[in-house]
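Participant: Have a look at the structure that comes next, please.
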Amino acid sequence: MRTFCVDDLAKFLIEPVLMNQLTLKQWEELILIFRESKLLASVYHLLIKNDDFESKHNYVKRHLRSAFVHADRQRRQVIYECGAINALLCKINVSPIYLKGANYILRGSCNSLGRIVSDIDLLVPKTELDKVEALLKNNLWKSEVISDYDEKYYREWAHEIPPLIHILRDTVLDVHHNLYLPISGRALDISLFESGAIVVGEQYSVLNSADSVLHSIIHLFMNEDFTNSFRDLFDLSLLITEYGNDEFWDRLSFIASQSGYEKEVYYCLKISNQLFQLPKPLIYEGLEVRFKSIFTDFFINSIISRAITPKHTLLDTFTIRLARFYIFIRGHCLKMPPHILISHLIIKSFKASVEAIIGKHYFDKD
Amino acid sequence: MNASYVLHAQTKLRVMQDGSGIVLFGGLNGRSVFIQNRLFGNESSFEKFTELADSLEHSDSKFQIQSILNLSEDEALKVETWLLNNDFISAYSH
Amino acid sequence: MLINTGAYSFRVNTDKKEITPIIDSLYGDCVNKSDLADFKIKVLSTSILRRFLKPQVSFFCDQHTPFKPLPASQAYPLLEWGMNWCIATHDHTRLLVHAAVLVRDGQAIIFPASPGSGKSTLTAYHALSGWSLYSDEMAVIDLKTGLVEPVYRPVCLKNDSIDLVKKWFPDSIFTPIWRDTQKGDVAHLKALKWSEHACLRPAKIIAVVFPKYVKDKELTIFKLNQLQGFETLSKNSFNYSTLGESGFNAVDRLIRHAKLFEIEYGSLEDVSEFLAEDVLI
């Protein structure tokens, strides 16, 4: 009998006062779940904002506070790194656009509070990619050790180069030239996003708020890996709440239509409304007319609503795992044409089988 | 070189009471730096050290480590340049 | 089952039945009724094939395994190392220094760990000779008060130290010896009872002593300067950089108020005398 389900978690996040009713045993489980979902520090901030932190038991405070300290250290590190990267790339006249976690931290959005950011993602023009990679590698950034196959995946099919790691600081850098894989056939006209970029903190280029939301929507609904999906959807509902004015919705409609991702916007608004009670905006009606069907209802109500559950043994059920598997297959199909997908899955599943039998580090390069 | 610097607003500095040197914490990059007093152990340098050390801890005063830590000109330049490039100190503006 | 170490508690699950009585022998005398765990940990057999040829075990902290698997015979030391990892990675409300802590008369001395220091033998010797063991592995220091807290954990001894301590203290309580680990032969010593631990209070750190064992060496004492002390302590701390400014302040406060020594020793009796006469106030 599971103590919590994904709806409970969402309720706690939108109404933190509900957590006042929890027993310490329940907190023990919730701390594990929120930590695994990368939301523990966010919960700290929600309680602080509500003036509800100090009244909690020491046991709860210690774990929440530790999560906050860790996330805050990361936040400062991200800001520092982005400054250093800007200074470096400025030498070749490249002004990178920061994406995802780095974007939120640099612009100081509500969802950046307590957000765990493990990598720094940035976007540079494809024409500058080689120069950028060379300059970074000449300045203490090195390629992560990956298999030859994965290297080929990144360079030929994906919208990014293999991750770079800073030799001294261990920071991971993902350099993108598009917001989605070219091989999928659904890559975006990146010039639209570049021209809409804004400057925050006096020196950092980031996507504007509507484009940031669209990028996050694409990243969520086109992905084969839903590990961080609950956190990502919570991000989206916070971003939409913070930035959702008329100008925002106009821009989002425009850019989603130009990029061919309106259906995904519909998915996002529908599930956010169901899970996080995010009010449906004016554009929802038009999207619903176009995209509501038995299939999309099934997809949202039976697949997404389950797969979005954070991956944790305290939450998992058979149907949730099945939904996640569906997403896994779907995500791969979306990313690659069939002939490439088949060989990709064969290679990946071969590796996984060997590792299951012989051990997880069998393929580690020494 | 007589370039003047101040501590960056987010830098914290601690002077070691035994005169062995100073420690800086960079609020921007989260790093700590340990700089030795080259004449540690020397009686008269200790007196001078304690005299000047107090002023070092105030972020609005000029950051001058050459005489306090008894560094050569070359060493002082190297240290100051490194601290500047790593955002521990910034140029002093009047 | 629940392991209560005072400052931290662990909910443990394992399919290696042989380690359950070991856990019980070291931690089973805890009378604290709390059923709350800080960490949920597991020691489990790994892959299917591995179960039959060269069996291995993995340590899990909740959903993840931070280490490579070890031979199944090392399941218990893996659990102890895993517990250290959980604390060092997750607790950022205290300064955690890789050091042993011994206390007498409410005065704490911390002994930072380094290879060749003989720290654990030194710790075991003193813990069984009237000093209170606050920790063999990790000094848990409150960020506000600077006091060090007691942690109810065994002393991990290696190789020759195991026989030495057994010889000096024939009544001492040991786990079996685990052979051929990455640290050599390893065994855990239960240095105090829960009832003794329960009486311990957070203590003021009056000295930091960096020990170095040199066979047959007459005790040689070096005073460390504060800059050296600061630098070495910050490098010996698991979470100094995560803590940022509060870690910096905590180490600063520590070295301002504690005597700092480096000692080379060949005899633990010399060390004992030094600590009692020259260090304790």
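Participant: Within the range A:1-53, track down each residue that is without any contact (Cβ under 8 Å) to a residue 60 or more places away in the chain and of a type in the set (D, E, K, R).
Facilitator: A:ASP8, A:LYS11, A:GLU15, A:LYS25, A:GLU28, A:ARG35, A:LYS49, A:ASP51, A:ASP52
Participant: Looking only at the range A:12-37, count every residue that is more than 18 Å from A:ALA67 (Cβ to Cβ) and out of contact with any Phe, Trp or Tyr (no Cβ under 9 Å at 6 or more places or on another chain) and tell me the total.
Facilitator: 6
Participant: Filter the range A:216-256 down to the residues that are part of a helix (DSSP H, G or I), closer than 21 Å to A:ALA187 by Cα and open to solvent by 10 Å² or more (accessible area, probe 1.4 Å) and list them by number.
Facilitator: Scanning the range A:216-256 gives A:SER216, A:HIS219, A:ASP232, A:ARG251, A:SER253, A:PHE254.
Participant: Then there's this: Please give the strands (runs of 3 or more DSSP E) falling wholly within the range C:162-229 in which 1 or more residues are closer than 19 Å to C:ALA99 by Cβ and not assigned by TED's automatic domain parsing to the domain that holds C:ILE19.
Facilitator: C:184-190, C:204-213, C:220-223
Participant: Would you check if C:LEU254 is facing chain B (nearest Cβ under 9 Å), assigned to a helix (DSSP H, G or I) and not polar (S, T, N, Q)?
Facilitator: No; evaluated as a whole, the condition is false for this residue.
Participant: In the range A:182-215, how many residues are hydroxyl-bearing (Ser, Thr, Tyr) and open to solvent by less than 10 Å² (accessible area, probe 1.4 Å)?
Facilitator: Final tally of qualifying residues: 1.
Participant: I'm told A:THR23 meets every condition in (1) open to solvent by 30 Å² or more (accessible area, probe 1.4 Å); (2) within 14 Å of another protein chain (Cβ to nearest Cβ); (3) farther than 29 Å from A:SER237 by Cα; (4) of a type in the set (Ser, Thr, Tyr) except one. Can you identify the failing condition by its number?
Facilitator: Among (1) open to solvent by 30 Å² or more (accessible area, probe 1.4 Å); (2) within 14 Å of another protein chain (Cβ to nearest Cβ); (3) farther than 29 Å from A:SER237 by Cα; (4) of a type in the set (Ser, Thr, Tyr), the lone unmet condition for A:THR23 is (3).
Participant: Next question. For the range A:49-70, enumerate the residues that are among the β-branched types (Val, Ile, Thr) and more than 15 Å from C:ASP38 (Cβ to Cβ).
Facilitator: A:VAL69
Participant: Further question on the same structure: When the residues of the range C:23-70 are narrowed to those that are touching a residue at least 60 places away in the same chain (Cβ under 8 Å) and not in a loop (DSSP other than H, G, I, E, B), which ends up nearest to the other protein chains (Cβ to nearest Cβ)?
Facilitator: C:LEU70
Participant: Can you go through A:GLU29, A:GLU15, A:GLU36 and tell me which one is among the acidic types (Asp, Glu), within 14 Å of another protein chain (Cβ to nearest Cβ) and over 24 Å from A:GLN74 (Cα atoms)?
Facilitator: So the residue among A:GLU29, A:GLU15, A:GLU36 that is among the acidic types (Asp, Glu), within 14 Å of another protein chain (Cβ to nearest Cβ) and over 24 Å from A:GLN74 (Cα atoms) is A:GLU29.
Participant: Next up: Could you go through the range C:257-268 and let me know if any residue there is within 13 Å of chain B (Cβ to nearest Cβ) and in a helix (DSSP H, G or I).
Facilitator: yes
Participant: Take the conditions touching a helix residue (DSSP H, G or I) at 6+ places or on another chain (Cβ under 9 Å) and of a type in the set (D, E, K, R) and apply them to C:LYS190. Does it pass?
Facilitator: yes
Participant: Within the range A:80-104, which residues are more than 14 Å from A:LEU207 (Cβ to Cβ), assigned to a helix (DSSP H, G or I) and without any contact (Cβ under 8 Å) to a residue 40 or more places away in the chain?
Facilitator: Passing the criteria: A:TYR80, A:ALA84, A:ALA87, A:CYS90.
Participant: Another one. Would you check which residues across the range A:39-68 are crowded, with 16+ Cβ neighbours inside 10 Å and either away from chain C (no Cβ under 11 Å) or not in a helix (DSSP H, G or I) (or both) and list them?
Facilitator: Scanning the range A:39-68 gives A:LEU39, A:SER42, A:VAL43, A:TYR44, A:HIS45, A:LEU46, A:LEU47, A:ILE48, A:PHE53, A:LYS56.
Participant: Next question. Go through (1) surrounded by 20 or more Cβ atoms within 10 Å (Cβ to Cβ); (2) of a type in the set (Ser, Thr, Tyr); (3) farther than 30 Å from A:PHE34 by Cα for C:TYR27 and report which single condition fails.
Facilitator: Every listed condition holds for C:TYR27 apart from (3).
Participant: Open to solvent by 70 Å² or more (accessible area, probe 1.4 Å) and more than 21 Å from the chain's Cα centre (by Cα): is that true of A:ASP130 in this structure?
Facilitator: So A:ASP130 fits the description; yes.
Participant: Still on this structure: Does the range C:199-217 hold any residues that are out of contact with any helix residue (DSSP H, G or I) (no Cβ under 9 Å at 6 or more places or on another chain), under 20 Å from C:THR145 (Cα atoms) and open to solvent by 10 Å² or more (accessible area, probe 1.4 Å), and which are they?
Facilitator: Residues satisfying the conditions are C:CYS199, C:LEU200, C:ARG201, C:PRO202.
Participant: Only one of these is at pLDDT 95 or above and over 25 Å from A:GLY196 (Cβ atoms): A:ILE304, A:ILE283, A:ILE240. Name it.
Facilitator: Answer to the check: A:ILE304.
Participant: Can I ask one more? Between C:LYS183, C:LYS235, C:LYS223, which is away from every other protein chain (no Cβ under 14 Å) and either in contact (Cβ under 8 Å) with a residue 60 or more places away in the chain or charged (D, E, K, R) (or both)?
Facilitator: C:LYS183 is the lone residue from the list that is away from every other protein chain (no Cβ under 14 Å) and either in contact (Cβ under 8 Å) with a residue 60 or more places away in the chain or charged (D, E, K, R) (or both).
Participant: Only one of (1) touching a residue at least 24 places away in the same chain (Cβ under 8 Å); (2) within 30 Å of A:TRP27 (Cβ to Cβ); (3) outside the structural domain of C:THR145 (by TED's automatic domain parsing) is not met by C:VAL97, so which one is it?
Facilitator: (3)
Participant: Identify all residues within the range A:77-94 that are buried (at least 17 other Cβ atoms within 10 Å of the Cβ) and away from chain B (no Cβ under 14 Å); write none if there are none.
Facilitator: Residues satisfying the conditions are A:LEU89, A:VAL94.
Participant: Using the structure shown, decide if A:THR3 is within 14 Å of chain C (Cβ to nearest Cβ) and farther than 30 Å from C:ASP142 by Cα.
Facilitator: The answer is yes for A:THR3.
Participant: Looking only at residues in the range B:1-57 that are within 11 Å of chain C (Cβ to nearest Cβ), in contact (Cβ under 8 Å) with a residue 12 or more places away in the chain and among the hydroxyl-bearing types (Ser, Thr, Tyr), which one is farthest from C:ASN239 (Cα to Cα)?
Facilitator: Across the range B:1-57, the extreme among qualifying residues is B:SER20.
Participant: Can we say A:ASP297 is of a type in the set (Asp, Glu), over 25 Å from A:ALA187 (Cβ atoms) and open to solvent by 10 Å² or more (accessible area, probe 1.4 Å)?
Facilitator: Yes.
Participant: For the range A:82-104, does any single residue satisfy the condition of being hydroxyl-bearing (Ser, Thr, Tyr) and in contact with a strand residue (DSSP E or B) (Cβ under 8 Å, 6 or more places away or on another chain)?
Facilitator: yes
Participant: Which one of the conditions (1) farther than 19 Å from A:PRO96 by Cβ; (2) surrounded by fewer than 16 Cβ atoms within 10 Å (Cβ to Cβ) does A:ASN139 fail to meet, given that it meets all the rest?
Facilitator: Unmet for A:ASN139, out of (1) farther than 19 Å from A:PRO96 by Cβ; (2) surrounded by fewer than 16 Cβ atoms within 10 Å (Cβ to Cβ): (1).
Participant: Go through the range A:105-116 and give me each residue that's assigned to a loop (DSSP other than H, G, I, E, B) and open to solvent by less than 10 Å² (accessible area, probe 1.4 Å).
Facilitator: Passing the criteria: A:SER109, A:GLY114.
Participant: If A:ALA71 meets every condition in (1) surrounded by fewer than 17 Cβ atoms within 10 Å (Cβ to Cβ); (2) within 14 Å of chain C (Cβ to nearest Cβ); (3) under 30 Å from A:ASN138 (Cα atoms) apart from one, which number is that one?
Facilitator: A:ALA71 satisfies all of (1) surrounded by fewer than 17 Cβ atoms within 10 Å (Cβ to Cβ); (2) within 14 Å of chain C (Cβ to nearest Cβ); (3) under 30 Å from A:ASN138 (Cα atoms) except (1).
The values are calculated or read from the model by the stated rules, or taken from the named source; none is laboratory data. Being a predicted model, the structure only gives us computed values, none of them experimental. We place every Cβ from the backbone using ideal geometry, glycine too, and count neighbours over all the protein chains shown. Please note that ligands, DNA and RNA were not included when accessible areas were found on the heavy atoms of the full protein model with its side chains. Shrake-Rupley method; radii C 1.70, N 1.55, O 1.52, S 1.80 Å.
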